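K.L.:
Submitted below is the structure of interest, expressed as C-alpha cells.
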Amino acid sequence: MRTNIVLDDDLVEQAFALTGIRTKRELVHVALRELVRQRQKKDLFDLAGKVKLRPDFDHKEMRRLRDGSD
C-alpha cells in the first residue's frame, strides 16, 4: 500500500541509530512488525490463569523435547 506520512525527524534519527536501518521504508516496516508482535504478546498475557493444564503435565519435559536436549 502506498501512502505519504509526516514523520518526526528526531524520532526517525533515533530509530536509525538504534537499529542500523538505512531507509525510512524499512524502518516503518520494522516498526509495524514490532507493534504487531508486541500487541500479540500482550494478548497472550490475557490468558494467564485461564488455561488449565493436566495435573501430570511436565513443562520441563516438554521443553527438553522441544529443544532436542537429552
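K.L.:
Would you mind finding the one in Leu18, Leu27 that is surrounded by 10 or more Cβ atoms within 10 Å (Cβ to Cβ) and not acidic (Asp, Glu)? Walk me through it before giving the result.
P.N.:
Working: Leu18 fails: surrounded by 10 or more Cβ atoms within 10 Å (Cβ to Cβ).
When all the criteria are applied, what remains is Leu27.
K.L.:
Test Glu13 against the stated conditions and say whether it is more than 21 Å from the chain's Cα centre (by Cα) and acidic (Asp, Glu).
P.N.:
Spelling it out, Glu13 is indeed more than 21 Å from the chain's Cα centre (by Cα) and acidic (Asp, Glu).
K.L.:
While we're here: When region 33-51 is examined, which residues are found to be within 26 Å of Arg2 (Cα to Cα) and either open to solvent by less than 100 Å² (accessible area, probe 1.4 Å) or among the basic types (Lys, Arg) (or both)? Can you show your working first?
P.N.:
Taking region 33-51 and keeping what is within 26 Å of Arg2 (Cα to Cα), we get 33-40.
Passing the criteria: Arg33, Glu34, Leu35, Val36, Arg37, Gln38, Arg39.
The values are calculated or read from the model by the stated rules, or taken from the named source; none is laboratory data. These figures come from a predicted structure and were not determined experimentally. Because the Cβ atoms are built from the backbone with ideal geometry, glycine has one as well, and the counts that use them run over all protein chains shown. Accessible surface is based on the protein model in full, side chains and every heavy atom, while ligands, DNA and RNA are left aside. Shrake-Rupley method; radii C 1.70, N 1.55, O 1.52, S 1.80 Å.
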